[in-house]
1. Let me have the relative contact order for the chain, percent, based on Cα pairs under 8 Å that are six or more residues apart.
2. How high is the FRET efficiency between I42 and Q141 when r is their beta carbon distance and R₀ equals 35 Å, given to the nearest 0.05?
3. Of the options L149, Y132, Q82, report the single residue whose Cα projects farthest towards the positive end of the charge dipole of segment 66-155 (beta-carbon charges: Lys, Arg +1; Asp, Glu -1).
4. How large is the charge dipole for the chain, taken about the Cα centre, if only the Cβ atoms of Lys, Arg (+1) and Asp, Glu (-1) carry charge, to the nearest 20 debye?
5. Can you tell me what share of the DSSP beta bridges in the chain is antiparallel? A percent to the nearest 5 is fine.
6. For Q58, list long-range residues whose amide hydrogen, built 1.01 Å from N in the peptide plane, is under 5 Å from its own amide hydrogen.
7. Can you give me the long-range amide H partners of D150? Hydrogens built in the peptide plane at 1.01 Å from N, cutoff under 5 Å, separation of 5 or more residues or another chain.
8. Q78 to I174: extension gain in nm, 0.36 nm per residue of separation minus the Cα-Cα distance?
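Only the coordinates and a few stated rules stand behind these numbers; no lab work does. Remember, predicted model here, so these are calculated numbers, not experimental data. All Cβ positions, glycine included, derive from the backbone under ideal geometry; neighbour counts span all protein chains shown.
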Amino acid sequence: MSTISKKICLFGDFGVGKTSLIRKFVECQFSDEYLSTVGVKISRKLVNVSTKYLHDGQNLQLLIWDIEGSNKFKAVAQNYFQGSKGAVIVGDVTQPETLNHIGEHIQTFLAVNPKSYIVVALNKSDMIASEYLENIREMYQFTNQINILDTYITSAKTGNNVDEIFRTLAHRLI
């Protein structure tokens, strides 16, 4: 079975848990120790995507670009978006200002890659009472835009929906 590679970008504001989501997905690990990404860090993960058209599945190597979230880096970050077929845009449910920037991040990414797909991850759900999470998710649905596949409530700590955000994107990229 052949393997195809697709570049995806993971980005959002500073400290929303982008690197933690990638570590959970790629290495099945979580650490409370904060690691600040400088510039960009690239990770790889091979996933098998099965569809009704591909009964044996298709191997897809995701090239995941973890892009620094600082404001001073925003102008340079757009250069890293080039050639990306998808993105995961991350906000932190404990920091409403990061959620309010998601729409801006979507537009910035689509300005460079208008035919790419996006999944929104509302991260750190383990730190908020569960009865509030569905309301938060409903507030940050972008389903009126064809490029937005879905919005997920995630937690890198518990693993909640971490595989799902990447698998949703992988299925669309095949």
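1. That works out to 26 percent.
2. Values: r = 30 Å, r/R0 = 0.85.
E(calc), rounded to 0.05, equals 0.75.
3. Q82
4. Working: 18 positive and 17 negative charges, 160 e Å.
The dipole of the chain has a size of about 760 debye.
5. On the way: 10 of 35 bridges.
So the antiparallel bridges in the chain amount to around 30 percent.
6. So Q58 has HN proximity to V49, S50.
7. HN-HN under 5 Å from D150: V120.
8. 32.1 nm
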